[in-house]
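Asker: Quick one: structure below, then a few questions.
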Amino acid sequence: MRCMAEQRIGLNEYLGQAFDRIPVAMVVVNQKGEITRLNQLAETTFGYTSSELIGQQVEVLIPSRYRPAHPGYRQGFLAETNARPMGAGRDLSGLRKDGSEFPVEIGINPVQTGEGPMILSVILDLSERKQSEKRIQDALQQKDLLLREVHHRVKNNLQVIHSLLDLQALKSKDSELVDMLRDSQNRVRSMSLIHQTLYQSQNFAQVDFQRFLGELLPRLTEAYGSLSNQVRIVINAHDVKLPINEAIPCGLIVNELVSNALKHGFPAHQAGQVEVDIREVEGNWIELSISDDGQGIPDDLDLARTDSLGLQLVNLLTQQLHGQLEIQRAKPTRFSLRFQLDTAS
Ligand SMILES: Nc1ncnc2c1ncn2[C@@H]1O[C@H](COP(=O)(O)OP(=O)(O)O)[C@@H](O)[C@H]1O
Ligand SMILES: [Mg+2]
């Protein structure tokens, strides 16, 4: 028995020391709301010595605006039997001796003691956590701004190239060369529009393709305006969002195929319709189709062997997307591309 008693004293002492040294602030409060005990970290956290606080109402540790309501809460805590966090969902503050406030998280534990029921509150000082959260938030905001700025500059640079090609086209009397320059101009512009769509959107990782098509297609009809007065363009973009590494090749493909439809599909001011349809289907696949009800691809044109730049580009970009391209030559002329949405980026 003697041995047990000694052990018990040892344990109490040990627990007492642990209470003092544990690296969280702890304050014990009795039924009347008086502080009966606190540990070392509670002293340094609030800036008081133990003797200054023992016997004081616990309300000295909270900002005065919260004091009136506090005794009511205290009665509630005493009635509980389980530990729980205090003020769930609210931002809690502690008040130091020097009058400064700091954000806290508090756990409430009802305890039965020889001196009656008490509340052991465990107090975490969140000042540092909040500060580093703010630092991370600020850094993130800066990165966002920077990214927006970069997209903006890339777009501007591409626009400069666009204008240079324009100037060159104006200086040339060779109509074949002018056509080539105009095609390249449109390619540059479709890339520039991708960057524009990105910096105008909330999410820099995703290009809203509907928005992009809404910008690109009217400009293409303008560029091939004299050829396509009678041609209507229909866009069906079913809320498709692409990461930039796929948006650029996909945007260029649309640029090539719609240009072709406008340029080659409707000779002699024939009327008709070009339809661009893009959708996401089961399994993260993207299906893009560009069709026109024009005259169709000439029978004597061998699509596998053509050395014209437009279709070569389309093939190259399809490979880049690891996609598959199917072509229906007429009634309607349709290019259908299928590729896997890159969900990793
Ligand atoms: N939608 C279309 N309708 C009719 N012909 C087309 C269509 N798309 C492509 N073609 C034919 O395929 C050829 C190759 O196209 P492309 O490689 O883009 O070269 P380019 O547009 O410079 O002529 C075109 O010259 C045209 O004869
Ligand atoms: Mg072409």
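Asker: Can you list residue pairs whose Cβ atoms sit under 9 Å apart, with the first residue in region 71-100 being within 18 Å of GLN112 (Cα to Cα) and hydroxyl-bearing (Ser, Thr, Tyr) and the second being assigned to a strand (DSSP E or B) and modelled with pLDDT of 80 or more? Count only pairs 6 or more apart in sequence or on different chains.
Answerer: So the pair list comes out as THR81/PRO110.
Asker: Oh, and also: Please find, within region 272-310, the residue that is farthest from ALA247 (Cα to Cα) out of those that are among the polar types (S, T, N, Q) and away from ligand 1 (no atom under 11 Å from the Cβ). Full working, then the answer.
Answerer: Quick first cut of region 272-310, residues among the polar types (S, T, N, Q) only: 273, 284, 289, 291, 295, 306, 308.
Restricting the remaining residues to those that are away from ligand 1 (no atom under 11 Å from the Cβ) gives 273, 284, 289.
Details: GLN273: 24, ASN284: 15, SER289: 15 Å.
Only one residue fits best here, namely GLN273.
Asker: Looking only at region 257-271, how many residues end up being more than 19 Å from ARG211 (Cα to Cα), of a type in the set (A, V, I, L, M) and in contact (Cβ under 8 Å) with a residue 12 or more places away in the chain?
Answerer: The qualifying residues number 3.
Asker: Another question, if that's okay. Here is a list: GLU275, GLU326. Which entry is among the charged types (D, E, K, R) and free of Cβ contacts under 8 Å to residues at least 24 places away in the same chain?
Answerer: GLU326
Asker: How many residues does region 293-323 hold that are surrounded by fewer than 16 Cβ atoms within 10 Å (Cβ to Cβ) and within 30 Å of ALA344 (Cα to Cα)?
Answerer: 5
Asker: Determine whether region 23-39 contains at least one residue that is over 18 Å from ASP125 (Cα atoms), among the basic types (Lys, Arg), assigned by TED's automatic domain parsing to the domain that holds GLN112 and in contact (Cβ under 8 Å) with a residue 40 or more places away in the chain.
Answerer: no
Asker: Kindly provide the set of residues from region 311-331 that are over 20 Å from GLU275 (Cα atoms), more than 10 Å from ligand 1 (Cβ to nearest atom) and of a type in the set (A, V, I, L, M), ordered by number.
Answerer: Listed by number, the residues that qualify are LEU316, LEU317, LEU321.
Asker: Right, next: ARG334 - would you say it is within 12 Å of ligand 1 (Cβ to nearest atom), within 41 Å of the chain's Cα centre (by Cα) and outside any loop (DSSP other than H, G, I, E, B)? Don't jump to the end; show me each part of the working.
Answerer: Working: within 12 Å of ligand 1 (Cβ to nearest atom): yes; within 41 Å of the chain's Cα centre (by Cα): yes; outside any loop (DSSP other than H, G, I, E, B): yes.
So ARG334 fits the description; yes.
Asker: What pairs come out if I take residues in region 132-149 that are closer than 13 Å to PHE204 by Cβ and pair them with residues that are assigned to a helix (DSSP H, G or I) whose C-beta lies under 7 Å away, six or more apart or interchain?
Answerer: Within 7 Å, the pairs are ARG148/TYR199.
Asker: Right, here's the next one. Go over the candidates SER228, SER184, SER175 one by one and state the one that is over 27 Å from the mean Cα position of the chain (by Cα), within 15 Å of ligand 1 (Cβ to nearest atom), hydroxyl-bearing (Ser, Thr, Tyr) and at pLDDT below 90.
Answerer: SER228
Asker: Looking only at residues that are part of a loop (DSSP other than H, G, I, E, B) and surrounded by 21 or more Cβ atoms within 10 Å (Cβ to Cβ) in region 257-292, which one is farthest from ligand 2 (Cβ to nearest atom)?
Answerer: The extreme case among them is PHE266.
Asker: Of all residues in region 168-202, which are within 23 Å of GLU149 (Cα to Cα), out of contact with any His (no Cβ under 8 Å at 6 or more places or on another chain) and charged (D, E, K, R)?
Answerer: Matches in region 168-202: ARG187 only.
The values are calculated or read from the model by the stated rules, or taken from the named source; none is laboratory data. On a predicted model such as this, the values are computed, not experimentally measured, just so you know. Neighbour counts are summed over all protein chains in view; Cβ atoms, including those assigned to glycine, are modelled from backbone coordinates with ideal geometry.
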